[in-house]
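Quick notes on the structure that follows.
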Amino acid sequence: MARNFYRNQKLRFGGLSVVLTVALIALVILLNVLFSSLANKFRWYVDMTRGGLYSLSESCAEQLEQVLPRLAPNAKADKAVRILFLDTPSNLEENSTQRYVYSTAQELAKRFPDYIEVSWVDIWTNPSQVQKYKEQLGLLQSTMVVLDCGESGYRVLRLREFFSFAAADSENPLGYNGDEKFATAMVSLLSNENRNVYLTTNHGETYYDTQILYNLVDAGYFISYLDLLREDIPDACDLLILYNPTADLTVADGVSDLDERVKLDAFFARGGDMMVFLSDSTQQLPNLDAFLADWGVQVQRHTNSEGQTYSYMIKDPSASLTSDGSTIVGQFGTGPRASSWFEGMTGRAYTPQVIFKNATSLCDPSGSRENVWTARGGQVEVEALFTASSGSEAWSSGAMVDRNGPFCLMTVSEDRTTGSHLVVHTSAASGSETYFISATFGNAEMMQRLYAGLGKQDVLFGIPYKPFADTTIHSITTAQMARWTVALSVIPGVLVLGAAVWILVRRKNA
């Protein structure tokens, strides 16, 4: 029978076809396993997600290329940054949210191999390996990520910090900002520039949400709160923020012996900087108004026929995102500080829109309508950083009261003697998540460039926030991925084998 098999040409070629088909299937599977291993090791992936969720943004990479060699000149001998994950790689890949962060870390290590390395430890089986981080970690969680910069210190990041959430929804993320979170944390640690911002309390300060706070942290500031009435401004305070106050400053007036103005004057005398955020609903606050006037800034107001005084509400029908004209696209100032600080925004083919929502307006108390003016006999120089357009209008009590635009939306005053600054922003609402997490608006980048203008070093600008197509993170599990891999490897081989058998049968019956 064996002799008949070898003499039968059809059977001989048919058997050879089967052997070649089986060999082909085995080769395909072997190549697939080999390629998958190499792809996993060297990250041979193509990011097909909208917005490049798994890719390192060029803005982030370019800025790190500039600062890392300066901040870590000896990194080649010993990696400057160790990104430590507290779970196994398989678990990180399996978890739909951790995979984003793990991929970004690997991309950073791939792009900057002389400075960054990625490692992991299973904290459940080897808890002793993370004891040095115990002070900041507290309760150990496998979703935490540690940035260890050696002698420069370390920082523990929680998984939620890599994603942006709406104020009303703390469960479903709006988008991913892992590039910025990693980059700003690394630069903040390596720079050893301990900058402190204090947010005042006890004036009815009202925040729309926490985005302005995230923005400060991303710029490398350490946030603390200060009851200016009962506490002195610490010597370590670099930046003081009074946000959307509804109550006045307290000054010594014969009734109270406490004086917040005295504390502020002492703070500025040593070169401190301050930012004040107002809105079109800011009431007359005499002590605050006097403080601003001393720095050459006055809030514009209108007194109606009934003797009631209200702040201007600026509307700009020609440059507004809403039909009521109150969501204004600010115009960049033309003075020397505005031109220098925001050059990186205005010099682009597309200038990001800086939005001023529900804004009031500012002016020179002396009545000057120049872009730059002085106060205190020339000791203080004031500059308009942003204005509304020439078609803007001022409204009060439901009626238009002034059409002599453009109106000033943001100023910076500099004391030429001490080098201290006072920034007055007329739109507290523009610091909300609506305008800070959008890739279209430049509010977040504007603030970061402002910090740099005030002396903050190594601030990273314009690293894009990556919004999700919807508010749910979609992904397939590792098990599902394995099933798809097997299916795509085996099915073509089975089809080829089936075709070969069919051809063999047809030839045999021919």
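Values quoted throughout were computed directly from the atomic coordinates according to the rules given, and no laboratory measurement underlies them. Because the structure is predicted, anything quoted here is derived from the model rather than measured. Counting neighbours? That spans all protein chains shown, and the Cβs are built from the backbone with ideal geometry, glycine included.
Some values worked out for this structure:
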quantity	calculated
Above-threshold pairs, the threshold being 32 Å between Cα atoms, out of 181/357; 79/456; 357/466; 263/466; 134/181; 79/134	263/466
Gain upon complete extension [residue 350, residue 293; 0.36 nm per residue less C-alpha separation]	16.9 nm
Between the stretch 316-344 and the stretch 247-310, the Cα center-to-center distance that results, in Å	25
Per-residue HN-Hα couplings for the stretch 405-417 [Karplus 6.51, -1.76, 1.60; θ = phi - 60°; Hz; x = Gly/Pro]	x, x, 9, 7, 10, 7, 10, 10, 10, 10, 7, 5, 7
Peptides 180-193, 314-327 ordered by average Cβ neighbours within 10 Å, highest first	180-193, 314-327
Among beta bridges that DSSP assigns inside the stretch 51-192, antiparallel share in %, nearest 5	70
Sorted by Cβ density within 10 Å, fewest first, the residues 425, 203, 302	302, 203, 425
Highest average packing first - 338-351, 230-243, Cβ atoms within 10 Å	230-243, 338-351
Amide H within-cut-off set for residue 298, under 5 Å, with H built and near neighbours excluded	363
Computed over the stretch 51-192, Kirkwood Rh from alpha-carbon pairs, angstrom	15.6
Cα-centred dipole magnitude for the stretch 51-192, charges only on beta-carbon of K, R (+1) and D, E (-1), debye, nearest 20	320
Considering only the stretch 195-431, percent of DSSP beta bridges that pair antiparallel, nearest 5	60
Length gained when the stretch residue 247-residue 29 is fully extended (0.36 nm per residue, less Cα-Cα span)	71.3 nm
The stretch 193-212-the stretch 360-392 distance, computed between alpha-carbon centres (Å)	26
